[in-house]
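A.B. asks: Pasting a structure here, questions to come.
The values are calculated or read from the model by the stated rules, or taken from the named source; none is laboratory data. Since the model is a prediction, treat every value here as computed from it, not as a measurement. Ideal geometry is used to build each Cβ from the backbone, glycine not excepted, and the neighbour counts take in all protein chains shown. Accessible surface is based on the protein model in full, side chains and every heavy atom, while ligands, DNA and RNA are left aside. Shrake-Rupley method; radii C 1.70, N 1.55, O 1.52, S 1.80 Å.
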Amino acid sequence: MAKNYYEPMHSAEHILNQTMVRMFNKGRSFSAHLEKKKSKCDYRLERDLSQSEISEIENKVNDIIKMNLDITEEIINFSEAETNFNLQKLPNNVTEKIRIIKIGDYDACPCIGQHVKNTSEIGNFKIISTGFENNILRIRFKLEENN
Ligand SMILES: [Zn+2]
């Protein structure tokens with residue numbers, strides 16, 4: 001595992017993506033940069049977010065985190081994965097078995113990364129800022145430790 005790899009952040013990204021899909025129906029982030037201290041995800045949304053939308057996203061993500069959902073993996077065949085998921089973000093050499101990461105019943109997404117075992121390990125999700133440029137919405141966020 002890479003030195004800067006932070007499993008809670010990678011797990012939070014899945015929840016944020018599913019929340020964005022449900023709120024805006026514009027897909028998951030097409031590009032992400034995840035680090036322990038702060039991360040950013042880019043979305044194909046046609047505008048910036050309002051302050052109330054930012055609060056709504058934070059609340060929804062934190063509601064899911066607080067449900068203490070198990071994060072599990074399931075291995076499925078490539079053909080099955082192809083029909084049910086967008087595989088664009090996977091490396092090209094992944095062609096036989098696909099690992100699906102499930103967060104309770106909230107989210108399922110193919111991913112080769114490492115994640116925490118339960119959402120209770122993620123901490124509190126906080127959006128630092130958002131920006132809109134070149135038709136790309138960027139969300140910068142961090143995780144605050146639970147007290
Ligand atoms: Zn992942």
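A.B. asks: If Ile57 satisfies every condition in (1) farther than 19 Å from His10 by Cα; (2) part of a helix (DSSP H, G or I) but one, which is the exception?
C.D. replies: (1)
A.B. asks: Look at the range 71-87 and say how many of its residues are assigned to a loop (DSSP other than H, G, I, E, B) and in contact with a Gly (Cβ under 9 Å, 6 or more places away or on another chain).
C.D. replies: Qualifying residue count, the range 71-87: 1.
A.B. asks: Test Lys117 against the stated conditions and say whether it is away from the ligand (no atom under 15 Å from the Cβ), touching a strand residue (DSSP E or B) at 6+ places or on another chain (Cβ under 9 Å) and farther than 21 Å from Phe141 by Cβ.
C.D. replies: Against the criterion (away from the ligand (no atom under 15 Å from the Cβ), touching a strand residue (DSSP E or B) at 6+ places or on another chain (Cβ under 9 Å) and farther than 21 Å from Phe141 by Cβ), Lys117 does not qualify.
A.B. asks: Can you name every residue in the range 88-136 that is among the hydrophobic types (A, V, I, L, M, F, W, C) and assigned to a loop (DSSP other than H, G, I, E, B)?
C.D. replies: Leu90, Val94, Cys111, Ile112, Val116, Ile122
A.B. asks: Can you tell me how many residues within the range 30-59 are farther than 18 Å from Gln114 by Cα and either touching a residue at least 24 places away in the same chain (Cβ under 8 Å) or in contact with a helix residue (DSSP H, G or I) (Cβ under 8 Å, 6 or more places away or on another chain) (or both)? Lay out the reasoning, then the answer.
C.D. replies: The initial filter retains those residues of the range 30-59 that are farther than 18 Å from Gln114 by Cα, namely 30, 42-59.
From what's left, either touching a residue at least 24 places away in the same chain (Cβ under 8 Å) or in contact with a helix residue (DSSP H, G or I) (Cβ under 8 Å, 6 or more places away or on another chain) (or both): 30, 42-49, 53-54, 56-58.
The number of residues fulfilling the criteria is 14.
A.B. asks: Need the failing condition index for Asn68 against (1) open to solvent by 60 Å² or more (accessible area, probe 1.4 Å); (2) out of contact with any helix residue (DSSP H, G or I) (no Cβ under 6 Å at 6 or more places or on another chain); (3) assigned to a loop (DSSP other than H, G, I, E, B); (4) away from the ligand (no atom under 16 Å from the Cβ), just the number.
C.D. replies: (2)
A.B. asks: Could you say whether any residue in the range 53-72 is charged (D, E, K, R) and farther than 22 Å from Arg140 by Cα?
C.D. replies: Yes, there is a match, as at least one residue in the range 53-72 is charged (D, E, K, R) and farther than 22 Å from Arg140 by Cα.
A.B. asks: OK, next. What number goes with the only condition from (1) over 22 Å from Lys26 (Cβ atoms); (2) open to solvent by 80 Å² or more (accessible area, probe 1.4 Å); (3) away from the ligand (no atom under 16 Å from the Cβ) that Gly123 does not pass?
C.D. replies: So Gly123 meets the others, but not (2).
A.B. asks: Another question, then. Search the range 1-41 for residues being assigned to a strand (DSSP E or B) and buried (at least 17 other Cβ atoms within 10 Å of the Cβ), and hand back the single one that is farthest from the ligand (Cβ to nearest atom).
C.D. replies: Here the residue is Lys40.
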